[in-house]
Amino acid sequence: MIVTVLSALAEPTRLGAMQLLHDGGEHCACELMARLDATQSRMSRHMGVLKAAGLVVDRRDAQWVRYRVNPDLSPEIQQILSAVMKASASAERTAA
């Protein structure tokens with residue numbers, strides 16, 4: 001499970017999506033596409049990987065899909081996700 005989670009987070013678009021979702025809110029696929037400059041098919045594929053890893057859940061809203069961080073993540077996976085988000089934010093600040 002840990003390898004699957006880390007593998008899912010190792011791709012920049014998926015990591016970016018998780019950074020956007022990590023605020024605790026629910027985000028439309030259209031918003032993720034716009035913020036990450038991704039096509040619908042590319043975003044769908046990446047969100048499928050995150051969903052298969054158990055990191056996100058989705059719900060249909062008319063023609064769009066809304067995503068949020070899976071509220072049922074185990075404490076261990078929550079810790080890993082928080083550490084990755086913190087390290088990623090720190091790396092972005094350092095690079096800027």
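Nearest 0.05, what FRET efficiency do W64 and T94 give at R0 = 30 Å with Cβ-Cβ as r? It would help to have the intermediate numbers written out before the result.
On the way: r = 35 Å, r/R0 = 1.16.
FRET efficiency, W64 to T94: 0.30.
Search the structure for amide H atoms under 5 Å from the amide H of N70, placed 1.01 Å from N in the peptide plane, and list their residues when 5 or more places away or on another chain.
HN-HN under 5 Å from N70: V56, V57.
For a label point 7 angstrom out from the Cα of S82 toward its Cβ, which stretches of region 1-38 have the backbone nitrogen within less than 15 Å?
Only 22-24 pass the distance filter.
Quick one: net charge of G25's neighbours, Cβ under 11 Å, K/R +1, D/E -1? Don't skip to the answer; put the middle values down first.
On the way: positive: R66, R68; negative: D23, E26, E31.
In short, -1.
In whole Hz and in residue order, list the ³J(HN,Hα) couplings for region 24-31 that follow from phi through the Karplus curve 6.51 cos²θ - 1.76 cosθ + 1.60, θ = phi - 60°; x for Gly and Pro.
Couplings: x, x, 10, 10, 5, 4, 4, 5 Hz.
Over its Cα atoms, what ratio of radius of gyration to 2.2 N^0.38 Å does the chain give? Can you show the working numbers first?
Details: Rg = 12.8 Å, N = 96, 2.2 N^0.38 = 12.5 Å.
Relative to the 2.2 N^0.38 Å estimate, the chain comes out at 1.03.
Please work out whether region 1-50 counts as rounded, prolate or oblate from its C-alpha gyration tensor, where a ≥ b ≥ c are the square roots of the eigenvalues and a/c under 1.5 means rounded, while otherwise a/b larger than b/c means prolate and anything else oblate? Mind dumping the intermediate values first?
Working: a/c = 2.06, a/b = 1.39, b/c = 1.48.
The shape class here is oblate.
Laboratory data are not the source of any read-out in this text; all were calculated from the coordinates shown. The structure presented is a predicted model; accordingly, all values stated were derived computationally and were not measured. Cβ: placed from backbone, ideal geometry, glycine included. Neighbour counts: every protein chain shown.
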